[in-house]
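**Q** Mind having a look at this structure? Questions to follow.
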Amino acid sequence: MGIATKEDIKNLLKLKKRIAVVGLSDQPFRTSYMVSEYMQKAGYEIIPINPNVNEVLGQKAYAKLEDIEGQVDIVNVFRRSEYLPEVARSAANIKAGFFWAQLGLYNAEAEEILQSATIPYIMDKCIKVEHAMIR
């Protein structure tokens, strides 16, 4: 169920524009901030998910995925690999369209959860890098 081809990634990023970013920091030097700022400037709606901040990149932050109103196209995760199963369960709860774990992140249990929920996913790839390669 993971997406493998460049064509799949290209189609995903052309069609899906609403991204909930789990672990989005309000610190401009953090990778999550830089990647999300890039995606926002590229025309994507960024929804910060971080219980420790009120807003990031001018957008209201939410404590958890379940607090968001409306459909989430992509859940983009910037939390350590051991937290991926918890985030995958939340993504399943909200019936997210896609699950994306950033570069360096992978968890087999999260993969099983996503497969059971029939949520397509990518792990261990940077959404910013992939977006730059399809432009």
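The values are calculated or read from the model by the stated rules, or taken from the named source; none is laboratory data. Predicted model, so just to flag it, every value in this text is computed and none were measured. Ideal geometry is used to build each Cβ from the backbone, glycine not excepted, and the neighbour counts take in all protein chains shown. Heavy atoms of the whole protein, side chains included, go into the accessibility calculation; ligands, DNA and RNA do not. Shrake-Rupley method; radii C 1.70, N 1.55, O 1.52, S 1.80 Å.
**Q** Can you tally the net charge around L12? Count Lys and Arg as +1, Asp and Glu as -1, for every other residue whose Cβ sits under 11 Å from the Cβ of L12.
**A** The answer is +1.
**Q** Moving on. Pull out a ≥ b ≥ c, the square roots of the eigenvalues of the alpha-carbon gyration tensor of the chain, then state rounded if a/c is under 1.5, prolate if not and a/b is larger than b/c, and oblate in the remaining case.
**A** Verdict is rounded for the chain.
**Q** Per DSSP H run of at least 4 residues, take -39500 (n - 2.57); add these up for the chain, divide by its residues and hand me the 222 nm value, nearest 500 deg cm²/dmol.
**A** -10500 deg cm²/dmol
**Q** With all protein chains present, how much of the accessible area of the chain (probe radius 1.4 Å) comes from carbon and sulfur, to the nearest whole percent?
**A** 47 percent
**Q** Here's another thing I want to ask about it. Farthest toward the dipole's positive end in the chain, which of G58, S90, N76, given Cβ charges of +1 (Lys, Arg) and -1 (Asp, Glu) about the Cα centre?
**A** About the Cα centre, the residue reaching furthest to the positive side is G58.
**Q** Now for a separate question. Under a GNM of the chain (C-alpha, springs under 10 Å), which listed residue has the highest mean-square fluctuation: R30, R79, R18?
**A** Result: R30 has the largest fluctuation of those listed.
**Q** What does the net charge come to around A61 if you take all other residues with beta carbon closer than 13 Å to its beta carbon, with K and R at +1 and D and E at -1?
**A** Cβ neighbours under 13 Å give a net charge of -1.
**Q** Separate question: Find, among the chymotrypsin sites (Phe, Trp or Tyr not before Pro) in the range 72-110, those assigned to loop by DSSP (not H, G, I, E, B) with at most 13 other beta-carbon atoms within 10 angstrom.
**A** For chymotrypsin sites (Phe, Trp or Tyr not before Pro) across the range 72-110 that sit outside H, G, I, E and B with at most 13 neighbouring Cβ atoms in 10 Å, the list reads Y106.
**Q** What percent does the relative contact order of the range 44-97 come to when contacts are Cα pairs within less than 8 Å and at least six residues apart?
**A** 30 percent
**Q** Roughly how much of L15 is accessible, in Å² to the nearest 10, using a 1.4 Å probe?
**A** Surface open to solvent at L15 totals about 130 Å².
**Q** Could I ask something else about it? In percent, what relative contact order does the chain have, based on Cα pairs under 8 Å that are 6 or more apart in sequence?
**A** In percent, rounded to a whole number, it is 25.
**Q** So what's the net charge close to I113: Lys and Arg +1, Asp and Glu -1, counting the other residues with Cβ under 14 Å from its Cβ?
**A** So the surrounding residues net to -3.
**Q** Give the distance, in whole Å, between the Cα centre of the range 5-28 and the Cα centre of the range 87-110.
**A** Each part reduced to its Cα centre gives a spacing of 12 Å.
**Q** Could you size up the charge dipole of the range 1-106 around its Cα centre, putting +1 on the beta carbon of Lys and Arg and -1 on that of Asp and Glu, and report it in debye to the nearest 20?
**A** Result for the range 1-106 is approximately 260 debye, rounded to the nearest 20.
**Q** Oh, and also: Taking amide H positions as placed 1.01 Å from N in the peptide plane, with prolines and chain starts having none, which residues 5 or more places from Y62, or on another chain, fall under 5 Å of its amide H?
**A** Sorted by chain and number, the residues that satisfy this are I49, N50.
**Q** Might you tell me the accessible area per residue for the chain, computed with a 1.4 Å probe and given in Å²?
**A** Per residue, the chain has 52 Å² of solvent-accessible surface.
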